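The values are calculated or read from the model by the stated rules, or taken from the named source; none is laboratory data. All figures in this text were calculated on a predicted structure; none of them were measured in a lab. Cβ atoms come from the backbone with ideal geometry, glycine included; neighbour counts cover every protein chain shown. The accessibility values were calculated without ligands, DNA or RNA, using every heavy atom of the protein model including side chains. Shrake-Rupley method; radii C 1.70, N 1.55, O 1.52, S 1.80 Å.
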Amino acid sequence: MNLNHRTFERCRRLVSMSWDELRVRTGQEIAKRWDLIHYCAGGEFGTTGCDSWSRSSARFFFTPEELPDIINCMRERLPEVAADIVQRAERICEHRFDLLGHEGLDYGTEIDWHLDAVHGKRAPRRPWFKIRYLDFAEVGDSKVTWELNRHQHLVTLAKAYRLTGRTRYVLELLRQWYHWQEQNPYPIGINWASSLEVAFRSLSWLWIANLLNGCDIAAERFSTDLRRALMLNAHHIERFLSTYFSPNTHLLGEGVGLFSIGTLYSGIPAVSRWQKLGWQIVVDEAKRQVLPDGLHFEQSIYYHVYALDFFLHARMLANLNGIAIPVTLDRAIEKMLNALYTLGTGGALPRFGDDDGGRVFEPTRNRAEHLLDPLATGAVVFNRSDFKLLANGIREETLWLCGVKGVKQFDELSIRGDSAISFAFESSGMYGMASPGPVPQQLIVDAGPQGAGRAGHGHADALSIQISIGGSGVLIDPGTLAYVDPDGKRNRFRGTASHNTVQVDGIDQAEPGGPFGWCGLPKVNVDRWITSDGFDFFEGSHTGYRRLSYPVQHRRCIFYFRPHFWLVRDVLEGTGTHDIALYWHFAPGRLSGIPGGAHFSSSAGATLALMHATTFDSSTEIGTGWCAPVYGKRQEAPLLRFEARAVLPAEFATILIPGAERNVAPATFTAVSSIGEGVPVNAYQYSIDGLDHHMFFADENRNWQLGRWSSDARFACCVGSSRETLREIAICDGSYFDVSGERVFHSESKLSYAQRTFDQHELPGFARKVQLSHRKSNGRTLIA
């Protein structure tokens, strides 16, 4: 970006600011310069009023008297957690840290708190507001550096001391804490560059203060120094709130930090202001960030859990200290838990959007399988037995937040809940097609906005799907890997080609606008959503490729014939010749070719067969892709790519068969000629085990005829046996369905959907051997 363009962008941004944003940003700029002048003049920070500042009578999540019972309960109920805490404490004493997806990072004899040890890059020691923390060449990956400086590992040392009584853990904690103070004088260094990171560090220090309360090794000097450091942190957070910089989980976390400090300390006027301001932020952000369907507005499942943790911690601390909980806050938290529960009933949680890799309580619990942890605490707070069922046991976090009484309450809850069901989260645009058996299976399609604002944590994944079978992910989102990097991995992992959707002419659905933003966000529409006892039907479209010189619109229909298969139909509307690519990203496992498709099996035993059908020349290639199970960690995973160069309009379909064995009776999937009478109609036939499934898609709600079938439905599915038996029909947006001139379904008015199942005596003499003209197609396949 040249100088003139940067100047133009700054002027444009200034003109677009409200008066309040100008006031806030101007005040922050003045405060930055004043702090630097004060530092250069040799002034001290965080000392005014410190002598009169002290611990208040407010209580933390646990009291010193409750600590022994909590520790004993952990040893009895969670022995593997207790052992892991001590093992990690040993590694921490050796200055070896597990940060995000990086394990055993060696920071040497003397910790460099400004170092990204993964990439060997050190942030410069200069005023924090002059550090370009998103510039990889200057600082490396700032997230790695900040993860260490959150000091959550010091909480691990304090817990290990309580579990073992070994003083070496406290001594190491104090050495590191004081060393950090020496190496990070305010306002110098990258560790002051994000108010959220200051808030995280403050929360860690509050946990340390309470875990070491009454410990003789932590002398009175440490208590005084800790109070002074917390006061400085609160001053910094208050003055540099992310009100207009990143008003999402950044602002929420800063509010929780202010509220926690303001609640647990007293003695100066600022404390009550911090508590009030922090609590107001929490309450306001619950209204703003939580969508009506309960999902977080950043369109990221990981950030949904991230925000939920912040809300839960603040809510519980407020409740313990007699602060009234607004009904709106409790409703928002329970809605978020409900959404998490619904997503989890089908098995592995989907991973739409960014994976941050950090957690509010225990940073090592940052894999996909840990994202249901808040349900254990939610079960206690809201007395929900269904949350208990899905949580599948108490969590360490619940023990610390709710105490032994909370564990007892958890135990007394019955185990009761729903099986996997189809659902619609209309505000966030997530739609799920699920079945509880014989093996739980779930498909989720992303048909919502790319994210709030500039969609900083959203991906270019409109109409992408993810599938879990038997509790494990099969078709997945490859994850995030990194936020800043020198090789473009950030954009590759969040780009369209890394998701289970269609890419046109090799471009993303939106254009990257920096590591945390997009330009030209697509509009996504949901045109039809139907869920019934026997099938689900979804239809949606997006405008991401309308910016091409020959504009293209992608439309996707998904028919779920529960629990047998999903049919995914992709239609590209427009003109001209275009390169089309459809990607299928699998979890780590084995992907092998079958005629016209592929068969996948995971290490957990989940299987899925895919078959493609088209009426134009195409190719299918099995390759190796990448997935990031957690931020910073990359591993190989199978990839199936379907490619074609076609004149538009064009369409193709994929049949997804869960639980399919590789060696089963022959099956075929073909595209059927669209030559017929009336409204144009496209059809597909899937045949297996003597059953033919005919699926018809009409362009309009008017009469059509194809072969021996006719209807006025926009979509219809007819299931019959090759031995002259009609089994079942399903229609959407129609009033009748005829086979060979015989009316098998009729309604006086058009219905949004209808189903009918026939027994062998209902249609005597009805001919079932139907001859359709088939175009030769790459989609004709055989599982063998």
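Per-structure values
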read-out: Carbon and sulfur %, accessible surface of the chain computed with the full protein complex present, 1.4 Å; value: 50 percent
read-out: Residue-normalised accessible area of the chain, expressed per residue, 1.4 Å probe, Å²; value: 39 Å²
read-out: Cα gyration tensor, segment 297-422 - rounded (a/c under 1.5), prolate or oblate; value: rounded
read-out: Segment 392-454: trypsin sites (Lys or Arg not before Pro) falling in loop per DSSP and having at most 10 other Cβ within 10 Å; value: 416
read-out: Mean Kyte hydropathy of -0.5 or more with a Cα span along the axis of at least 27 Å, helices from DSSP in the chain; value: 301-320
read-out: Under 5 Å, built H, 5+ apart or other chain: amide partners of residue 728; value: 719, 758
read-out: Cα gyration tensor category, rounded, prolate or oblate, for segment 618-663 with a/c compared to 1.5; value: oblate
read-out: Under-5 Å amide H pairs with residue 528, H placed in peptide plane, nonlocal only; value: 539
read-out: Virtual spin-label span in nm between residue 392 and residue 183, 7 Å along Cα→Cβ; value: 3.9 nm
read-out: Extension gain, residue 246 back to residue 742 (0.36 nm per residue minus Cα-Cα distance, nm); value: 172.3 nm
read-out: Cα gyration tensor shape for segment 375-521, rounded if a/c is under 1.5, else prolate or oblate; value: prolate
